[in-house]
Amino acid sequence: MGMPSGTELLLIFGIIVLLFGAKKIPDLAKGIGKGIKNFKNEMKDEPEEVASSEAPKKVEGGDATAASEAPKESEKQA
């Protein structure tokens, strides 16, 4: 099972033209191209957003937070 030969590619292209019509194929290709372009742009923007969202946040009253996160006596026994 290698690459299809020239005749097989023409047959596949002919079936695609019959199914979608000659007018729809350029529209489909344009839509796929825009989707790929948007995807690449989002991939470039993502590392900046992730880096800024992972910045450490300052917590005031660290002792109160630790005490509120400690398990209660009823949870320890269960």
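The values are calculated or read from the model by the stated rules, or taken from the named source; none is laboratory data. Treat the numbers as computed from the prediction; the structure is a model and nothing was measured. Heads up: the accessible areas ignore ligands, DNA and RNA and are worked out on the full protein's heavy atoms, side chains in. Shrake-Rupley method; radii C 1.70, N 1.55, O 1.52, S 1.80 Å.
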Restricting to region 10-22, count the residues that are within 31 Å of the chain's Cα centre (by Cα) and at pLDDT 85 or above. 6
Please work out if residue 33 is modelled with pLDDT of 90 or more, of a type outside the set (A, V, I, L, M, F, W, C) and open to solvent by less than 90 Å² (accessible area, probe 1.4 Å). yes
